[in-house]
Amino acid sequence: MSSFTSDRQTLATVFVCAVVLFVSFVSPAGCQTTPPPPTPCSAHKSCDTCVPHAQCLWCFTTNNCTKYPVSWLLPPASVCQLSQARWGVCWLNFEALIIAFAVLGGTILISIIVCCCCCCCCKKRQSGPDRDEERLARRREEIKQRSEERKGERKARHDEIRKKYGLIVDSDHPYSKFENE
């Protein structure tokens, strides 16, 4: 445990040194410059220059770049039809994007549900064989006891028959009767 802690402390020290070196190489003049103001979406004249900007939306119907209406999740039809609207990339329209996300989300949801069901079923199966094994062990024990009882009954019956015909002698040796004659 102590070697793990010392390794962690060494790693943390190396990380802090790397950050200090990185920050020291950044020139203070480079950090003080202000970024240029963003160009308005209407200034872009093609889909390729419009869609890389996250706040812009290209409409093929009107061939213009407009500001994405952030108050809406999807652009309303008054701005542009979904099949003609492009955002992010020019080759993918909003309808295809919605369908792709719906399929992907549905697949993930179904996968999660199937995994949960499989986990629940596996837990039930794991507890099931234990009960089955116990039941089978009890059944085997009962069968063995009945077998022993029947064996004892048979032995008693055979002993009675042997007594009846005089085949049993008080000696331990089974052939003692034959030796006495």
* Asked: In the list 114, 79, which residue meets the criterion of being in a helix (DSSP H, G or I), modelled with pLDDT of 85 or more and open to solvent by less than 90 Å² (accessible area, probe 1.4 Å)?
  -> 114
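Scan segment 60-67 and tell me whether some residue there is under 40 Å from the mean Cα position of the chain (by Cα), open to solvent by 100 Å² or more (accessible area, probe 1.4 Å) and modelled with pLDDT of 85 or more.
At the first step, the residues of segment 60-67 found to be under 40 Å from the mean Cα position of the chain (by Cα) are none.
The answer is no, given that none of the residues of segment 60-67 is under 40 Å from the mean Cα position of the chain (by Cα), open to solvent by 100 Å² or more (accessible area, probe 1.4 Å) and modelled with pLDDT of 85 or more.
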* Asked: When segment 83-97 is examined, which residues are found to be part of a loop (DSSP other than H, G, I, E, B) and either of a type in the set (Ser, Thr, Tyr) or under 35 Å from the mean Cα position of the chain (by Cα) (or both)?
  -> 83, 87, 88, 89, 91, 92
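Return yes when residue 48 is under 38 Å from the mean Cα position of the chain (by Cα), of a type outside the set (Phe, Trp, Tyr) and open to solvent by 70 Å² or more (accessible area, probe 1.4 Å) and no when it is not. Don't jump to the end; show me each part of the working.
On the way: under 38 Å from the mean Cα position of the chain (by Cα): no; of a type outside the set (Phe, Trp, Tyr): yes; open to solvent by 70 Å² or more (accessible area, probe 1.4 Å): yes.
Taking the combined requirement at face value, the residue does not satisfy it.
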* Can you name the number of the only condition in (1) farther than 15 Å from residue 50 by Cα; (2) without any contact (Cβ under 8 Å) to a residue 24 or more places away in the chain that residue 98 fails? -> (2)
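Residues to consider are 122, 90; find the one that is open to solvent by 60 Å² or more (accessible area, probe 1.4 Å) and free of Cβ contacts under 8 Å to residues at least 60 places away in the same chain. Spell out the reasoning first.
Values: 90 fails: open to solvent by 60 Å² or more (accessible area, probe 1.4 Å).
Criteria check complete, one pass: 122.
The values are calculated or read from the model by the stated rules, or taken from the named source; none is laboratory data. The model shown is predicted, which means the values in this text are computed figures rather than measured ones. Note that we place each Cβ from the backbone using ideal geometry, even for glycine, and neighbour counts take in every protein chain shown. Heavy atoms of the whole protein, side chains included, go into the accessibility calculation; ligands, DNA and RNA do not. Shrake-Rupley method; radii C 1.70, N 1.55, O 1.52, S 1.80 Å.
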